[in-house]
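Each reported figure results from applying straightforward, stated rules to the coordinates on display, with no laboratory input. Since we're looking at a predicted model, the values are computed, not measured. In this analysis, Cβ positions are derived from the backbone assuming ideal geometry, glycine residues included, and neighbour counts consider all displayed protein chains.
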Amino acid sequence: MKTDLRLTALLLAVHLFLPAPSATALDVERDDVRAFIVEMQARHGFERQWLEQVLEGAATQQRILDLISRPAERVRPWHEYRDHFLTEQRIAEGIQFWVAHRELLAKVAERTGVAPHVIVGIIGVETYYGRITGGFRVLDALATLAFDYPPRSQYFRAELEQFLLLTREESVDLQTVQGSYAGAMGRPQFMPRSYRVFAVDGDGDDRRDLWESWDDVVASVANYLSEHGWRADEPVVAAADLWYPDADGLTAGSIDTDETVDSLRDKGLAFITTLPGAAPAVFIGVEGAAGPELRAGFHNFSVITKYNRSVMYALAVNDLGLAIADRLPVGDAG
């Protein structure tokens with residue numbers, strides 16, 4: 001009996017330390033992996049042996065492939081997506097975050113013109129104000145998607161390249177850093193290229209730390225939006241309705257401002273804005289709990305979609321940020 005128990009315990013211990021069936025080591029002998037290694041050697045001077053060791057340590061995970069194939073924006077209607085982010089708790093914690101960082105938000109907003117409610121909304125939607133930054137090793141996520149997700153393999157191969165460069169340039173631990181299933185990192189969930197290009201040193205310590213420094217995080221989110229064309233003091237969206245029920249020519253789904261204020265009104269969309277008639281605009285139609293919800297989106301709406309190319313994401317960011325701003329103690333929203 002004791003022998004059987006010991007054998008069972010030994011087998012259990014061995015099982016616990018074996019890789020999960022849904023994860024397999026990346027094969028560096030594959031043609032596409034080999035080609036990537038050669039490119040990284042030629043383009044950036046990485047050593048072949050080091051690259052092989054790094055990529056051999058990457059694990060292809062089926063869970064990552066499952067998640068990217070069914071993002072929440074695609075499988076949830078708007079009202080469920082919105083309710084997930086605009087909870088009383090998330091709004092309350094957003095108020096706490098804004099009050100705690102009001103001077104930083106005001107300083108960054110003054111310098112960049114980016115609205116504080118959008119900065120707070122992005123951080124709240126992305127990581128619940130830094131609480132949920134992802135549980136996947138970034139190396140595994142990017143390697144999985146770079147070599148085993150054909151629909152976007154080119155994009156993720158480029159992000160894997162950027163990640164390797166980032167870890168060489170910054171204090172980012174290649175082997176242990178974790179992020180989302182898509183490889184986004186830190187409190188603002190920057191992809192590696194965005195980290196390298198748009199992250200800034202907000203606290204003046206000569207580092208760009210998107211995990212621990214709120215100064216860097218807030219400044220980097222604002223810089224990202226600013227670099228993508230944010231316009232100070234312009235609105236994001238406006239609630240809308242139809243002048244007449246059978247209005248035609250209005251097609252929802254675009255994230256680009258492919259209309260103007262005047263053209264949307266000409267097609268039967270009613271909304272209020274101080275923007276001129278020639279200002280770029282887009283028609284937004286989403287599924288609310290009580291039926292269709294209509295809005296007019298403007299230039300800054302499209303800028304938010306550069307952070308995440310989703311209509312519902314941009315709406316959730318704006319709605320969350322405004323809900324927080326509306327409940328701030330007097331004097332904190334300035």
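With a cut-off of at most 10 other beta carbons within 10 Å, and DSSP calling the residue loop, which trypsin sites (Lys or Arg not before Pro) in segment 76-154 qualify? Please list them.
Details: sites: Arg82, Arg90, Arg102, Lys107, Arg111, Arg131, Arg137, Arg152; in loops: Arg131.
Answer by residue number: Arg131.
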MRE, 222 nm, helices only [DSSP H, n ≥ 4, -39500 (n - 2.57), over the chain, to nearest 500]: -15500 deg cm²/dmol
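So between Asp256 and Leu174, what do we pick up on full extension, going 0.36 nm a residue minus the alpha carbon distance? Numbers along the way, then the final one.
Values: separation 82, 0.36 × 82 = 29.52 nm, distance 3.55 nm.
Gain on stretching Asp256 to Leu174: 26.0 nm.
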Helix 2-17 vs. the chain, principal-axis angle (Cα, 0 to 90°, nearest 10): 50
Charge-dipole axis of the chain as Lys and Arg at +1 and Asp and Glu at -1 on Cβ define it, positive-most pick from Ile272, Trp98, Ala143: Ala143
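Indicate the gyration tensor shape class of segment 237-305 (rounded, prolate or oblate), computed on the Cα atoms with a ≥ b ≥ c the square roots of the eigenvalues: a/c under 1.5 is rounded; otherwise a/b larger than b/c is prolate and the rest oblate. Present the calculation step by step, with values, prior to reporting the outcome.
Numbers: a/c = 1.65, a/b = 1.19, b/c = 1.39.
It comes out oblate by the Cα gyration axes.
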Total charge dipole magnitude, the chain, about the Cα centre, Cβ charges on Lys, Arg, Asp, Glu only, Debye to nearest 20: 600
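In which sequence would Leu275, Leu160, Leu264 go, from the one with the fewest C-beta neighbours within 10 Å to the one with the most?
On the way: Leu275 17, Leu160 26, Leu264 22.
Fewest to most other Cβ atoms nearby, the residues stand as Leu275, Leu264, Leu160.
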Debye, to nearest 20: dipole size of segment 237-305, +1 on Lys, Arg Cβ, -1 on Asp, Glu Cβ: 200
At most 14 other Cβ within 10 Å, DSSP loop - trypsin sites (Lys or Arg not before Pro), segment 265-333: Arg309, Arg327
GNM result for the chain, Cα springs below 10 Å: residue of Leu104, Leu294, Leu242 fluctuating most strongly: Leu242
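Run through segment 68-113 and list the chymotrypsin sites (Phe, Trp or Tyr not before Pro) located in a DSSP loop whose Cβ has at most 12 other Cβ atoms within 10 Å.
Details: sites: Trp78, Tyr81, Phe85, Phe97, Trp98; in loops: none.
Counting only loop positions with at most 12 other Cβ atoms within 10 Å, none of the chymotrypsin sites (Phe, Trp or Tyr not before Pro) in segment 68-113 qualifies.
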Extension gain (nm, one decimal) between Trp50 and Asp66, 0.36 nm per residue minus Cα-Cα: 2.8 nm
Correct choice for semi-axes √(5λ) of the Cα gyration tensor in Å that was computed from the model, options (1) 35, 26, 19; (2) 40, 23, 22; (3) 35, 32, 14: (2)
